[in-house]
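Inspection log for the structure reproduced underneath, given as structure tokens.
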Amino acid sequence: MPARINPSILAADFVNLERDLDKIASADLVHVDVMDNHFVPNLTFGPQMVGRIQDVSKIPLDVHLMIDNPDEWALGYAELGAYSVTFHVEAAADPVRLARRLRAIGARAGLALKPGTAVDDYLDLLPEFDQFLVMTVEPGFGGQSFMAETMPKLARLRAAVDASGADIWLQVDGGINEETIVTAAENGADTFVAGSAVFRAENPADQISLLRESATRHLHGPATS
């Protein structure tokens, strides 16, 4: 299966958001970063805005909640129709219960980990989730540099997912570009959030294709012919 490219609209032009959404219609999903200025020091979208994005987007929504108390707020995004809702383990009171409730609504349930959060305590919970998101920057702002020190955690997750036989996507978010996407793919990622690398390109659709092809060649190891 080809690698998935989910452009982050955090790098889009908010005044012309529908126009920019049309530019990434060839992507797999659109990544929507919800920030509350509490869990992270930034404020972006809320349910009303995400609902409108859902209304006009030609591709499904991949919602990433960087908020306090996702146990209370996450379900609302699933009810809006988001294809995937990912919340942070550092903020959730009961990650498994929340994931089950999201799945019951019909959304894929994702678990995100900050760069400094170890993964080993959550490997036994793999079947409860559809996606694990390894943050490759500190969450809160776009345009940061890729943290290569997160790659052993990603590789550990890939080995555990492969051993389990479960259909779990491994996503990376932060500093993804033409170079770092290769590193992340070789270490086990199959789903890639790219913001500036897509929206600052002269042709976002061409850039999505380039990133997808490059990542696919390097999925889970050195490039294959």
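Please treat every number below as a calculation from the coordinates, not as lab data. Since we're looking at a predicted model, the values are computed, not measured. Every residue, glycine as well, gets a Cβ built from its backbone with ideal geometry; the counts of neighbours run over all protein chains shown.
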Task: Largest-first principal axis extents of the Cα set of segment 1-156 (Å) - done: 42, 37, 35
Task: Centroid-to-centroid separation of segment 125-161 and segment 70-112 [C-alpha atoms, Å] - done: 17 Å
- [ ] For n ≥ 4 DSSP H runs only, could you compute -39500 (n - 2.57) per run for the chain, divide by its residues and tell me the 222 nm figure to the nearest 500?
- [x] -10000 deg cm²/dmol
TODO: Just rank His220, His88, fewest to most, by other beta-carbon atoms within 10 angstrom.
DONE: His220, His88
Task: Residues of type lysines that Lys153 reaches as a straight line, Cα spacing below 18 Å, ignoring anything fewer than 8 places off in the same chain - done: Lys114
Open item on the list: Multiplying the sequence separation of Glu179 and Asp120 by 0.36 nm and subtracting their Cα-Cα distance, what value in nm do you get?
Closed with: 18.5 nm
